[in-house]
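**Student:** I'd like to ask you about the structure that follows.
Please treat every number below as a calculation from the coordinates, not as lab data. The shown structure was predicted, so the numbers you read here are calculated from the model rather than taken from an experiment. Reconstructed Cβ throughout: ideal geometry from the backbone, glycine too, with neighbour counts over all protein chains shown.
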Amino acid sequence: MALPRHSRIDAALDYLSPVALPVGQLVRVPLGRRVVMGVAWDGGAAEPAEPADPGLPDDLAHPSRPSRLAGPVAAGEVGEVAELKPVAEVLEALPPLDAGWCELVRFAAGYYQRSLGELALTVLPPELRDVDGVQLQRRLKRLAKRSAAPSTAGEVPGAATLPPLSEDQQAVLAALAASAPATHLLHGVTGSGKTEVYLRAAQAELVAGRQVLVLVPEINLTPQLEARFAQRFPAHRLVSLHSGLTPAQRLQHWLAAHLGQAQLVLGTRMAVFASLPRLGLIVVDEEHDPSYKQQEGARYSARDLAVWRGRQANVPVLLGSATPSLETWLNATPAPDGPGRYQRLAMPRRIGGGALPAVRLLDLQRVVDMHGSRVMREHPLAPELLVALRERVARGEQSFVLLNRRGYAPVLHCTHCGWKSGCPHCSAWRVFHKVDRSLRCHHCGFSERVPRACPVCGDPDIQPLGRGTERLEEQLAEQLPGARIGRIDADTTRSKGSLESQLAAVHAGEVDVLVGTQMVAKGHDFRRMTLVAAVNADSALFSSDFRAPERLFALLLQAAGRAGRDAAHAARSEMWIQTWHPDHPLYQALQAQDYEAFAASQLAERRVASLPPFSCLALLRAEARSQEAALGFLHEAARAAEALGAVQAGVQIYPPVPAALQRVANVERAQMLLEAPLRPPLQRLLAAWVPRLHEGNRGEHRVLRWAVDVDPQAI
Ligand SMILES: [Zn+2]
Ligand SMILES: [Zn+2]
């Protein structure tokens with residue numbers, strides 16, 4: 001007789017199962033009146049066990065796992081479970097999620113302070129939650145049919161058909177092959193051929209019958225990388241995982257990876273949680289990109305989890321970037337007493353010896369001295385830059401004008417009384433969109449027709465202040481008659497497939513001057529582009545966000561990399577930056593194309609200011625109907641942290657403050673920063689503190705929402 005046995009599900013709930021369930025087994029269990037999916041966890045073990053050999057990067061090692069897992073129960077609130085209910089169905093057709101996957105989820109839940117159940121359920125495909133055994137069988141049959149053609153040990157291309165490697169690529173691949181599994185930073189300038197390194201590294205794993213996981217920061221970068229991998233490895237099954245898939249597609253792709261039928265999995269940050277039973281390599285392309293950090297729910301960093309997963313699975317991790325994040329750069333910097341945590345692999349030269357575009361700093365003060373003060377008020381571009389653009393148009397070459405702000409103008413104002421187009425629901429301006437004559441709030445979505453006259457004084461003279469891509473496009477069309485101007489930003493690419501068709505038009509040479517936001521600056525390979533101009537970069541120079549300089553440097557260098565990718569044009573490719581601050585160290589480093597000098601100066605500043613990577617941060621955010629309530633909750637939370645000995649443990653608690661964007665959709669936001677020199681004391685405190693916050697959110701200090709953000713991107 002099989003003895004009933006507890007299986008831990010959803011971190012909080014126990015169920016009866018007639019047989020011992022393997023850890024990671026997917027089951028369906030009754031919850032309230034519904035039947036929901038669950039993952040068998042720790043068959044009966046009371047506490048999560050510490051892995052025997054953590055083998056984690058020091059900076060992410062979890063010092064002490066919380067003994068109780070905190071956070072809302074994902075599947076719904078259930079009261080006291082007086083009697084254990086039996087498991088409704090074991091999804092036996094699926095092999096259990098492997099130990100590596102379970103450890104990853106357990107680590108992520110603990111580190112980012114979420115409940116195990118919530119995290120497990122959010123990282124599995126949503127469609128899986130409603131699938132019963134019968135439906136699952138049907139899907140598996142369909143999958144088996146599809147994967148019948150390519151065999152698991154598919155063919156890989158022979159050496160003769162592969163493109164020749166540059167010296168840099170050869171050296172990097174040799175170093176990779178010689179190294180034990182580790183985390184490597186592939187620091188390669190734009191156009192140095194990082195993708196070819198990914199392909200070759202992947203090939204070695206595919207030959208050995210292992211799976212390869214490739215992460216990209218944004219969905220719109222997946223198609224081109226997908227195409228390159230699919231073209232190179234036609235005999236291997238490749239699946240993508242990102243939010244653009246239908247729920248059914250996402251489940252099919254997930255199943256293909258989980259069953260080992262797909263050897264290549266390519267996706268956005270969510271793909272870091274793919275179930276990969278034969279994982280052999282993880283690639284994180286553009287590892288510095290902020291999109292790798294989830295901004296709601298479990299606020300995980302897919303880049304950091306990829307590093308953790310690689311260490312834990314003992315497989316190599318390849319972090320690629322032309323402008324690594326300062327965290328990664330520091331980890332890849334040899335310490336005085338030994339090597340860095342990551343191995344640094346450098347590719348400082350472009351393929352085919354093409355030069356990087358020369359960076360020209362156009363001093364706006366000199367432009368004004370020469371042409372008078374009206375010139376920059378009325379025109380977005382200095383006369384010198386217009387001349388350079390006209391030359392390109394005449395030669396049949398393309399240009400890209402980067403302006404990281406969409407809409408026509410960020411705000412409208414009344415010239416008579418000074419009224420400005422604020423959002424009634426947010427502490428933000430509403431952006432003027434000329435195309436439909438609307439005033440739109442980019443934070444809450446509130447939109448209205450532009451008023452005919454000032455709503456305060458009735459004066460009809462309301463004017464745009466500042467400039468967005470829509471206005472820039474209009475002004476360029478006036479100043480470059482005959483040139484074909486195109487624009488790509490979040491507004492022009494709303495409908496499905498529109499980004500692809502607009503990019504195709506640029507590639508086909510149907511656009512002379514492309515106006516766009518950072519969306520265009522990333523990854524795209526425009527062969528005929530010889531000029532990139534940034535027209536309002538200064539606005540990020542003096543931001544209160546401590547990561548703003550790092551972001552700006554990466555964006556500008558990445559944008560510069562769009563020019564001169566074709567060796568025939570490389571010599572006359574340029575990047576122009578219009579600036580009032582040409583002597584700013586950031587621009588100077590950019591002009592010298594010296595990432596290392598920039599990183600060194602930024603790291604020195606961060607060290608002095610005790611900012612990451614020289615300290616560890618966590619942010620407690622609260623949202624409430626009133627600012628007093630939000631701040632009240634945070635003050636209460638601060639007292640709770642002090643009572644837990646935060647200060648003695650070396651965790652500094654900063655006073656609660658209103659958020660930078662204080663009100664969104666009529667909800668008041670406030671935040672409180674916690675800082676510690678090392679992760680262990682901060683993690684220990686959070687583990688003890690977060691459960692108290694759950695208990696404490698009641699009474700007069702009750703807030704609508706609160707969340708802990710570990711390693712926040714912005715503070
Ligand atoms: Zn007015
Ligand atoms: Zn709003």
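**Student:** How much length, in nm to one decimal, is gained on full extension between Q588 and S539, taken as 0.36 nm per residue of separation minus their Cα-Cα distance?
**Tutor:** 16.0 nm
**Student:** Once phi is turned into θ = phi - 60°, what whole-Hz ³J(HN,Hα) does the Karplus curve with 6.51, -1.76 and 1.60 give for every residue of the stretch 556-562, x standing for Gly and Pro?
**Tutor:** For the stretch 556-562, the Karplus-derived couplings read 5, 5, 5, 5, 4, x, 6 Hz, x marking Gly and Pro.
**Student:** Going from the alpha-carbon gyration tensor of the stretch 468-588, what semi-axes, largest first and in whole Å, does one get by taking the root of 5 times each eigenvalue?
**Tutor:** Each semi-axis is √(5λ); the values are 24, 18, 15 Å.
**Student:** On a 0 to 90 degree scale, rounded to 10, what angle separates helix 679-696 from the longest Cα axis of the chain?
**Tutor:** The two axes meet at around 80 degrees.
**Student:** Considering amide H positions built from the backbone, and no H for Pro or chain starts, which residues 5 or more places from N404, or on another chain, come under 5 Å of its amide H?
**Tutor:** N536
**Student:** Taking the 0 to 90 degree range and rounding to the nearest ten, how far is the long axis of helix 222-232 tilted relative to the main principal axis of the chain, both from C-alpha atoms?
**Tutor:** 70 degrees
**Student:** When a/c is below 1.5 the answer is rounded, else prolate if a/b is larger than b/c, else oblate, so apply that to the stretch 367-442 with a ≥ b ≥ c taken from the square roots of the Cα gyration tensor eigenvalues.
**Tutor:** Since a/c reaches 1.5 but b/c is at least a/b, the shape of the stretch 367-442 is classed as oblate.
**Student:** Would you kindly compute the Cα radius of gyration of the stretch 532-597 and its largest Cα-Cα separation (Dmax), both in Å?
**Tutor:** For the stretch 532-597, the Cα-based Rg and Dmax read 12.3, 42 Å.
**Student:** Order of H184, H416 from fewest to most other C-beta atoms within 10 Å?
**Tutor:** If I rank by nearby Cβ atoms, fewest first, I get H416, H184.
**Student:** Under the classification rounded if a/c is under 1.5, otherwise prolate if a/b is larger than b/c and oblate if not, where does the stretch 181-305 fall, given a ≥ b ≥ c as square roots of the Cα gyration tensor eigenvalues?
**Tutor:** Rounded, since a/c falls under 1.5.
**Student:** For R487, which sequence-distant residues (separation of 5 or more, or a different chain) have an amide H within less than 5 Å of its own amide H, given hydrogens modelled in the peptide plane?
**Tutor:** Residues meeting the amide H criterion: V515.
**Student:** On a 0 to 90 degree scale, rounded to 10, what angle separates helix 498-507 from the longest Cα axis of the chain?
**Tutor:** Roughly 50 degrees between the two axes.
**Student:** Expressed in nm to one decimal, what extension gain is obtained for the pair E167 and E642 from 0.36 nm per residue of sequence separation less their Cα-Cα distance?
**Tutor:** Contour length minus Cα-Cα distance gives 165.3 nm.
**Student:** How big is the antiparallel share of DSSP beta bridges in the chain, given as a percent to the nearest 5?
**Tutor:** Within the chain, antiparallel bridges account for around 50 percent of the total.
**Student:** May I pose another question? From the alpha carbon gyration tensor of the chain, can you work out the equivalent ellipsoid semi-axes (sqrt of 5 times each eigenvalue) and give them in Å, largest to smallest?
**Tutor:** 44, 34, 26
**Student:** For R278, which sequence-distant residues (separation of 5 or more, or a different chain) have an amide H within less than 5 Å of its own amide H, given hydrogens modelled in the peptide plane?
**Tutor:** Amide H neighbours of R278: Q211.
**Student:** Counting other Cβ atoms within 10 Å of each Cβ, which GluC sites (Glu not before Pro) in the stretch 234-298 have at most 16 and sit in a DSSP loop?
**Tutor:** E296
**Student:** If packing is taken as the mean number of other Cβ atoms within 10 Å per residue, what is the order of 393-402, 257-266, highest first?
**Tutor:** For the peptides 393-402, 257-266, the packing ranking is 257-266, 393-402.
**Student:** Across the stretch 319-336, in residue order, what do the Karplus-derived ³J(HN,Hα) couplings come to in whole Hz, using 6.51 cos²θ - 1.76 cosθ + 1.60 with θ = phi - 60° and x for Gly and Pro?
**Tutor:** Once rounded to whole Hz, the list reads 9, x, 5, 8, 9, x, 5, 5, 4, 5, 4, 5, 5, 9, 9, x, 7, x.
**Student:** Would you mind ranking I219, I488 by Cβ crowding within 10 Å, fewest neighbours first?
**Tutor:** In order of increasing Cβ crowding within 10 Å: I219, I488.
**Student:** List the relative contact order of the chain as a percent without decimals, with contacts defined as Cα pairs under 8 Å and 6+ residues apart.
**Tutor:** Once normalised by length, the contact order is 12 percent.
**Student:** For the stretch 528-533, in order, what is each residue's ³J(HN,Hα) by Karplus, 6.51 cos²θ - 1.76 cosθ + 1.60 with θ = phi - 60°, in whole Hz (x at glycine and Pro)?
**Tutor:** 9, 8, 10, 9, 10, 10
**Student:** log10 I(q)/I(0), Debye, Cα-only the stretch 405-523, no solvent, q = 0.22 Å⁻¹?
**Tutor:** -1.21
**Student:** Right, something else. Beta carbons within 10 angstrom, averaged per residue: use that to sort the peptides 504-510, 556-562, highest first.
**Tutor:** The peptides rank, most packed first, as 556-562, 504-510.
**Student:** Ignoring everything except DSSP H segments at least 4 long, calculate the 222 nm mean residue ellipticity for the chain; use -39,500 (n - 2.57) per segment, divide by total residues, nearest 500.
**Tutor:** Calculated at 222 nm, the ellipticity per residue is -9500 deg cm²/dmol.
**Student:** Something else now. Which order do the peptides 313-321, 244-252, 666-674 take when ranked by the mean count of other beta-carbon atoms within 10 Å per residue, highest first?
**Tutor:** Going from most to least packed, we get 313-321, 666-674, 244-252.
**Student:** Tell me whether the stretch 225-289 comes out rounded, prolate or oblate; compute the Cα gyration tensor, take square roots of the eigenvalues as a ≥ b ≥ c, and use a/c under 1.5 as the rounded threshold.
**Tutor:** Because its axes are fairly even, with a/c under 1.5, the stretch 225-289 counts as rounded.
**Student:** Quick check: convex hull of the Cα atoms in the stretch 591-676, volume per residue, rounded to a whole Å³?
**Tutor:** 106 Å³
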